[in-house]
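Okay, structure first, notes after.
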Amino acid sequence: MRLIILNDNVPSKGLLNDWGWSLLVKGKHRFLFDADTRESVLAHNSKVLGVSLENLDFAVLSHWHYDHYGGFPHIAELNPGLRLYAPSGGEIRGLNIFEVHNVGEITDGVWTSGVLDDFEHAIGVETPSGLAVIVGCSHPGVDRLTRAVLKVSGYEKAHFVIGGFHYPSRRTLDRLAEITEFIAPAHCSGNAAKAYVRKRYPEKFVEVRTGSVLEI
Ligand SMILES: [Fe+2]
Ligand SMILES: [Fe+2]
């Protein structure tokens, strides 16, 4: 499975950038997870990275914060009527919102944590190496979201966790490290969290930024 980071808070030369989060997942299913802040960032970066945002199988929105859904109108233009798995509380013209409430399987090999604290969900994707967990901002806690995904998918440990961890405490990161082989703090994780994982768990730390492509 391939993960293409279309936008992260950390910039890269030649790519547009802002505070936001969006990645394209290319595995058994081809789908977008979150859509950053601006349509132009998705349009420009996908072009430069040589990936098409057309013909997606579906899309996922972690939670209704603008830095995660701002670019969806562009996705709707390219994929009219596309199904968007999202918590309740918002709409995007041109997308077919499928409200996520409870923990469960979205489609073959893709699970949702269910919406935690009435606000945010995360997903787990089956890969040849194990379960990859993708989170948005982790307002309910990255360890809680990961545990919920593990429980529903039947995996004991996550192979990989990526996304915004929302300035987690060290305890949260320690709890995450116990159940995760590789950790990629991104978006709103904060420099302190990145530095802590890099130092305390060097064998687990994976660095990502705008334009990173990961093969899992
Ligand atoms: Fe965010
Ligand atoms: Fe957020």
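See the values below:
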{"item": "Exposure rank, largest accessible area first [21, 64; 1.4 Å]", "result": "64, 21"}
{"item": "Rg and Dmax [Cα atoms of segment 2-215; Å; Rg one decimal, Dmax integer]", "result": "15.5, 45"}
{"item": "In sequence order, calculated HN-Hα J values of segment 125-133 (Karplus, 6.51, -1.76, 1.60; Hz; x Gly/Pro)", "result": "10, 6, 10, x, 9, x, 8, 9, 9"}
{"item": "Antiparallel content of DSSP bridges confined to segment 2-215, in %, to 5", "result": "55"}
{"item": "Enclosed volume per residue, in Å³, of the convex hull spanned by Cα atoms of segment 137-216", "result": "88"}
{"item": "Per-residue [θ]222 nm for the chain (sum of -39500 (n - 2.57) over DSSP H runs n ≥ 4, rounded to 500)", "result": "-7000 deg cm²/dmol"}
{"item": "Rounded D (µm²/s) - segment 77-183, Kirkwood Rh over Cα pairs, Stokes-Einstein at 4 °C, 1.567 mPa s", "result": "91"}
{"item": "Ordering of 66-74, 159-167 by burial proxy (mean other Cβ atoms within 10 Å per residue, highest first)", "result": "159-167, 66-74"}
{"item": "For segment 99-160: accessible area per residue (Å², 1.4 Å)", "result": "40"}
{"item": "The chain: most fluctuating residue of 176, 150, 49 per GNM, C-alpha cutoff 10 Å", "result": "49"}
{"item": "Apportionment of accessible area to carbon and sulfur, the chain, percent (1.4 Å)", "result": "48"}
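The values are calculated or read from the model by the stated rules, or taken from the named source; none is laboratory data. None of the values given here were measured: they were computed from a predicted structure. Using ideal geometry, Cβ is built from the backbone for each residue, glycine included, and neighbour counts are taken over all protein chains shown. Heavy atoms of the whole protein, side chains included, go into the accessibility calculation; ligands, DNA and RNA do not. Shrake-Rupley method; radii C 1.70, N 1.55, O 1.52, S 1.80 Å.
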